[in-house]
Amino acid sequence: MPKFRLIKFKKAYKRRVIILFLMLIILIWALYQIKMFFLQQEIKTELAISTLLDDEISSEGYFFKKETIIKLDMDRNLKTTKLKIKNGERVSKKGIIAIVSPGLNDTLNDLELKKINHKIESLSNLNKLKFSFVSSPEQISRKIYKEIKTINSFINISRYCDVAEEKEKLFQLLSEREMISGKVKNFNETIAKLKKTREQLSAKSTNNECKEIFSEEAGIFIDHVDGFESAIDLEKEIFLSRNFLQEDHLYIKDMNKERILGKIVHDIPWYIVLDVNPEYMNRFRENNSVDISICDLSDQKIPAKIVKINELEHNVVCCCDYITKELADIRHKQIIVNFGSYRGIRIPKNSIHREKIKNESGEIKEAEGVFVLAGNEILFREIIIKYMSEDYAICEQNPDLSKLFIQNPLKFYDKIVTEGFDLYNHKIIR
């Protein structure tokens, strides 16, 4: 091929490559513009609505009060004791608690009545139990297995006086598992049978009264003890280790329960020790007030004040001065700690922006707010946040306009932009 033709061919080839390259660039630019156009039109919104939020966490709660044990000073083999007040009733100082009268049959009847009353109370509580707070069937099964081991260990060491109490706990756990698993809807039929038996036993009791037992202190009478009555000195530090709180065997103390009538729970400030998940410890501040709810007594809110925080053991001590007969009989429960309630406009956290905006005076300042869609226009609305979580925030629904830069707050039923591209104030969506 002649040399001049080869040179001409190379020049034409280069020209084609350059043209193709330029066409490719133009095509990419055009595709990008098309994509950007559609992205700018893709706007997702959510209505601004009013919400009431309870800021709360769940925790294990251990209840400690000033408690006085009521003991008998006579031989129970020769005397029978008949309570004159019911479990959970208030008693005044020097008030009559029980009558001691002769007769072994009355003693046996009273012991049986006490067991029946406890079963009726346990089954009645299960009937109104809120399942959103109870343990799973697997957890209940583990507790049942542990309780059976405890009973066997007591039998092996001849501690027969404690076996009856453990059998009551086992009965409670077995009944709870039946309810959770759906085998029974309620225990009304069982409760009715127990009440009939109670009436029959009550009719057999005699009234040969001979000696009165008085209360040395005013408070609420509880007809049983659990061994923790003297375990804590409320006048001293009451921080507890996690092992102390979680070891079930501490509920059983070497005390002669045959000579104990019950206890008086005093009407003075008492304490709840919270065994807190480490990730929630930063939520607690000393001297702050909280409301505490118990899972199966959710209609009662206990006002409490945080008095001590133990970061090392992850427990928090709350002081309470409000008590009822139900609370007086509780030692350990799953509880809900409420830090406060917030009413306002709920907004997704990812919709919050900090933007430089201009007010009517021409001043420019950075403000916090959200973008809303009004017709085909994007507008910026200022917010004042009251509460922030991982996913959303609660902002004031009627903020003080003097605290706002452009005095144009978010309103009910504004369409909050949750997804959008290249958002700015007064942007027009075509």
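Readers should treat all values here as calculations from the given coordinates under stated rules, not as data from a laboratory. Model, not experiment: these values are computed from the prediction. A quick note on method: Cβ atoms are made from the backbone with ideal geometry, for glycine too, and the neighbour counts reach across all protein chains shown.
The table that follows gives values for the structure above.
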item	result
Theoretical FRET efficiency, 1/(1+(r/R0)^6), r = Cβ-Cβ of I49 and N188, R0 60 Å, to 0.05	0.90
Pairs beyond 18 Å (Cα-Cα), from K71/K167; K183/K333; K149/K169; K195/K325; K84/K169; K66/K325	K71/K167; K183/K333; K195/K325; K84/K169
Percent of Cα-Cα distances greater than 24 Å, calculated over the range 275-430	53
Spin-label model distance (nm) - K93 vs E311, 7 Å beyond Cα toward Cβ	4.4
Per-pair calculated FRET efficiency, R0 = 22 Å: Q300 and N125 via Cβ, rounded to 0.05	0.95
Derived scalar couplings ³J(HN,Hα) [the range 283-288; Karplus, 6.51 cos²θ - 1.76 cosθ + 1.60; whole Hz; x for Gly, Pro]	7, 9, 10, 4, 6, 6
Gained length - D321 relative to T418, 0.36 nm times residue gap less alpha-carbon distance	30.3 nm
Protection-proxy order for peptides 58-68, 406-416, each taking the mean of Cβ atoms within 10 Å per residue, highest first	58-68, 406-416
Length added when fully stretched, Y280-L20, from 0.36 nm per residue minus Cα-Cα	87.3 nm
